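I'd like to ask some things about the structure below.
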Amino acid sequence: MTNITKDTLTEAVLATIADEADPRFRKIMISLIKHMHGFVKEVDLSQDEWRTAIEFLYQTGEKTTRKRNEFILLSDTLGVTSLIDLLSGQATEGATESSVLGPFYVEGAPIIDNGGDLIGQNPGDPGVVHGRVMTADGTEIPGALLDIWQNASNGLYSVEDPDQDDNNLRCRLHADADGAYSLTTIRPMPYTVPDDGPAGVMLHAMGRHPWRPAHIHFKVTAKGYQDLVTELYPDDDRYIDEDAVFGVRDSLSVTFARNESEDDARSYGLNAPFFDLKYDFILRPA
Ligand SMILES: [Fe+2]
């Protein structure tokens, strides 16, 4: 392999992958190498630009810890995470669309009663989130487990904020025998993804901001059905059309309706006015 030229190099590299390599790994590496070589040729990458890119990846590694993964942030802000989510979740007709899990999920949140409260001592706009868990044909799914988490009125999740209890604004609850679920909480806030590292430098250089529209995260599971990981976004959020991680889908942009009824408020243990978010989750059979 002495006659390497810019025209023969790609084939030479591809030829080094053993035929016996794992077939899926082989397919991925062949495509990756072809795309990387094609990219370098397309932009005619200079030595300086290549060194800048390597330094950028080095800094990305330096910034990364178990709690703060700058590589995932790059994947999120470049739309790769959402693309993989969209490819894997190609919706069964009528099923709820999925969205990204995000970095703030914590397993094992406390189980509260259906109809319970997440507000506690949290300041913010109170409201109720309620609906059913069902199949695409409208059959209720009894006892589905909903794992729910969101940020506080300062824009921070409990895991980012030493002033919040570890389980603040996160819980699990079981839907009832009719698939109905309900809880009271506060309206979530828009927030910025961490922009004090290489991903932030990249966003800034592209002329982009790091904001995500407000949302509540849900993971809905039930025996015999595929797990659903999704987010619900208030449709009047100022960042609804410019999510830094591209997680918003039309069907997940929902109205946090303003309810003025004192009677309704009392039935939820709230004062009027409050926001009233009704949403049915549609699961896909496993
Ligand atoms: Fe989030």
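The values are calculated or read from the model by the stated rules, or taken from the named source; none is laboratory data. Being a predicted model, the structure only gives us computed values, none of them experimental. Don't worry about glycine lacking a Cβ; one is built from the backbone with ideal geometry, like all the others, and counts go over all protein chains shown.
Show the residue pairs meeting these rules: Cβ distance below 6 Å; 6+ apart or different chains; first residue within the range 33-47 and more than 17 Å from residue 15 (Cβ to Cβ); second residue surrounded by 11 or more Cβ atoms within 10 Å (Cβ to Cβ) and of a type in the set (S, T, N, Q).
none
Could you count how many residues in the range 98-136 are closer than 15 Å to residue 280 by Cα, within 16 Å of the ligand (Cβ to nearest atom) and at pLDDT below 95?
1
Further question on the same structure: For the range 14-32, indicate whether the set of residues that are of a type outside the set (Val, Ile, Thr), under 30 Å from residue 205 (Cβ atoms) and in contact with a Ser or Thr (Cβ under 8 Å, 6 or more places away or on another chain) is non-empty.
No, the range 14-32 contains no residue that is of a type outside the set (Val, Ile, Thr), under 30 Å from residue 205 (Cβ atoms) and in contact with a Ser or Thr (Cβ under 8 Å, 6 or more places away or on another chain).
Can you find a residue in the range 153-160 that is in a strand (DSSP E or B), surrounded by fewer than 21 Cβ atoms within 10 Å (Cβ to Cβ) and in contact with a Lys or Arg (Cβ under 9 Å, 6 or more places away or on another chain)?
No, the range 153-160 contains no residue that is in a strand (DSSP E or B), surrounded by fewer than 21 Cβ atoms within 10 Å (Cβ to Cβ) and in contact with a Lys or Arg (Cβ under 9 Å, 6 or more places away or on another chain).
Would you call residue 117 touching a residue at least 60 places away in the same chain (Cβ under 8 Å) and surrounded by fewer than 16 Cβ atoms within 10 Å (Cβ to Cβ)?
When the stated conditions are applied, residue 117 does not pass them.
Among the numbered criteria (1) farther than 14 Å from residue 150 by Cβ; (2) within 14 Å of the ligand (Cβ to nearest atom), which one does residue 217 miss?
Result: residue 217 passes all but (1).
Okay, next question. Mind telling me which of the residues 220, 248 ends up being in contact (Cβ under 8 Å) with a residue 60 or more places away in the chain and part of a loop (DSSP other than H, G, I, E, B)?
Result of the check over 220, 248: 248.
Just checking, which of 57, 9 is surrounded by 10 or more Cβ atoms within 10 Å (Cβ to Cβ), touching a His at 6+ places or on another chain (Cβ under 9 Å) and among the hydrophobic types (A, V, I, L, M, F, W, C)?
9
Next up: Considering 172, 212, which residue is surrounded by 22 or more Cβ atoms within 10 Å (Cβ to Cβ) and either charged (D, E, K, R) or modelled with pLDDT under 95 (or both)?
Step by step, each of 172, 212 is checked, and only 212 is surrounded by 22 or more Cβ atoms within 10 Å (Cβ to Cβ) and either charged (D, E, K, R) or modelled with pLDDT under 95 (or both).
Return yes when residue 153 is among the hydroxyl-bearing types (Ser, Thr, Tyr) and in the same structural domain as residue 265 (by TED's automatic domain parsing) and no when it is not.
When the stated conditions are applied, residue 153 passes them.
Follow-up. Name every residue in the range 178-209 that is more than 13 Å from the ligand (Cβ to nearest atom) and part of a loop (DSSP other than H, G, I, E, B), in order of residue number.
178, 179, 187, 195, 196, 197, 206, 207, 208, 209
Still on this structure: Cβ-Cβ distance below 7 Å, separation of 6 or more or different chains: which pairs start in the range 15-29 with a residue that is of a type in the set (Lys, Arg) and end on one that is not in a helix (DSSP H, G or I)?
So the pair list comes out as 26/17.
Now a separate question. Being in the same structural domain as residue 192 (by TED's automatic domain parsing) and surrounded by 14 or more Cβ atoms within 10 Å (Cβ to Cβ): is that true of residue 98 here?
yes
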